[in-house]
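So the structure is just underneath, and the comments pick up after that.
Each reported figure results from applying straightforward, stated rules to the coordinates on display, with no laboratory input. Every value quoted in this text rests on a predicted model; they were computed, and no experiment measured them. Every residue, glycine among them, receives a Cβ derived from its backbone with ideal geometry; neighbour counts consider all protein chains shown.
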């Protein structure tokens, strides 16, 4: 025990202290951007139990469902106000052949999901099932096309099948029960083409992208927003090559950034972690801001008018799979630590939307940093779900500049991040929402929030915190992490004073 304590002391993190944080909310600022709802996007892949059991149980299931979609998950996602949902992958997309997933379900061919646990995929959830789900949720579909093992013709015909009013593919769609075409805006041309999507170089993929994108046509009044496969994390050369070679042929360029805090051989446990593990996770997460800025700078050099959007279409925490589960299914529990990651990231993303137009956390159900976990007929909402639900007030709201000074967290790994993140927006009714995340495990913060002109006549707030940062919600137990009303604040004209507890997230509504 003494040895363990010695190691702990030798690798301790530094968290600076501040007596009071003054936050200035400039709600009268003019010409501020609208925060795209798509910043709060989700990602669903044929991986583990994300689709099957998580979203789709089939119409004959004993689990309550609406036309095969499990009712509890459907209702939870409606409450979340999911703006955009990416499908069918991920790595699965580049082995997915869409013709296998249409027509009578009993006649659809089966395949082995080689990327994720060699699970048998029966294709009972295909194009119709996904796009009908999006309609039920009022969600924009984001289709990831197969470039790695597919053909130009295959992708071209899929677009035609989904969006054309007439022609051979439209007739096939109608035969399969859908008369009117769907509206498809977002089309990804391949996924991780530098890796599982084809192991390509940037120069090679840029030519491949242009070829596939050329034949993905616009039909009727449908207009595709074509997204090229972008870089992983710190691969700035990929972004440079894509912007140099193909910027005039794409509407968006993707980026993937995962928080993988563990050391070689292990990503670390989702629920069993030390103080150092926690701060390593938080500081690694917050490096995303610098990574985004670096990719922005490259894009600005080739596209100063910002015609090409950046889409962070995979992000979130990635830990070891839960013991006793199939490693390739990437099922991990979700603690208050994950909620802090989500809140801090979203505060950052809200202020970067001049170029960042979408972000899709991975993934929506039962995989990685999920919103929802299921176990047979049981379902629970994760701490990350609660952050997304609390923060959905920022969707399509006007960004409000917010000034504040913070201290720093310096992790054992040497990374540095702010010890407080704040973001504000103003909705159509004039209400201002201020979201605040305090990642310190042992230091509350005294806050004084002032507004340019808004008199705080009506203030309400929610808080998300837990008894321990490792707390999570589990089946057959009362939730350990759920939002509660927060009333411990004082208002005086244009000022609100409050103390935000350690390791907590607060969202205020001020009218």
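Restricted to Cα atoms, region 69-166 shows a radius of gyration and a Dmax of 14.1, 40 angstrom. Our estimate of slack between residue 375 and residue 444, defined as 0.36 nm per intervening residue step minus the Cα-Cα distance, is 21.2 nm. Calculated mean residue ellipticity, 222 nm, the chain: -8000 deg cm²/dmol, from DSSP H runs (n ≥ 4) at -39500 (n - 2.57) each, averaged per residue and rounded to 500.
Once the C-beta distance of residue 427 and residue 168 is scaled by a Förster radius of 35 Å, the resulting FRET efficiency is 0.15 to the nearest 0.05.
Between residue 236 and residue 78, the simple spin-label model (points 7 angstrom out along Cα→Cβ) gives 4.7 nm.
With everything on Cα atoms, drop me the angle between helix 336-350 and the longest principal axis of the chain, reported from 0 to 90° to the nearest 10. Here the helix axis deviates by roughly 80 degrees. The alpha-carbon atoms of the chain, seen along their principal axes, cover 68, 53, 42 angstrom, with the largest extent given first. Taking label positions 7 Å along the Cα-Cβ direction at both residue 203 and residue 297, the computed distance is 2.5 nm, reported to one decimal. Once the Cβ-Cβ distance of residue 223 and residue 107 is raised to the sixth power relative to R0 = 30 Å, the FRET efficiency obtained is 0.35.
Stretching the chain fully between residue 477 and residue 494 yields a gain of 1.9 nm (0.36 nm per residue, less the alpha carbon separation). Cα-based radius of gyration for region 143-215, normalised by 2.2 N^0.38 Å, reads 1.23. In region 210-330, one over the average inverse separation of all distinct C-alpha pairs is 16.6 Å, which is the Kirkwood hydrodynamic radius. Look at 171, 289, 106 and count the other Cβ atoms within 10 Å of each Cβ; fewest to most, that gives 106, 171, 289.
When the Cα convex hull of region 260-360 is projected onto planes of every orientation, the mean area is 7.4 nm². Extents of region 24-133, taken as max minus min of Cα coordinates on every principal axis and listed largest first, are 59, 32, 24 Å. Panel order for 53, 75, by other beta carbons found within 10 Å of each beta carbon, from fewest to most: 75, 53. Histogrammed with a bin width of 10 Å, the alpha carbon distances of region 359-511 distribute as 10, 34, 36, 17, 3, 0 percent, first bin at zero. Its Cα gyration tensor gives region 196-277 an equivalent ellipsoid, and the semi-axes of that ellipsoid, as √(5λ) in whole Å with the largest first, are 35, 16, 11. Between residue 29 and residue 408, what FRET efficiency follows from the Cβ-Cβ distance if R0 is 25 Å, with the result rounded to 0.05? Calculated transfer efficiency: 0.40. Listed by Cβ neighbour count within 10 Å, with the fewest neighbours leading, 299, 340 appear as 299, 340.
The simple spin-label model puts a point 7 Å past each Cα toward its Cβ; for residue 326 and residue 114 those points are separated by 1.7 nm.
Measuring nothing but alpha carbons in region 405-495 and taking Rh as the Kirkwood radius, the Rg to Rh ratio lands at 1.02.
Pairwise Cα distances in region 471-511 exceed 10 Å for 81 percent of all pairs. Note on region 358-398: Cα-Cα pairs beyond 13 Å make up 58% of the total pair count.
Pairwise Cα distances in region 184-224 exceed 16 Å for 41 percent of all pairs.
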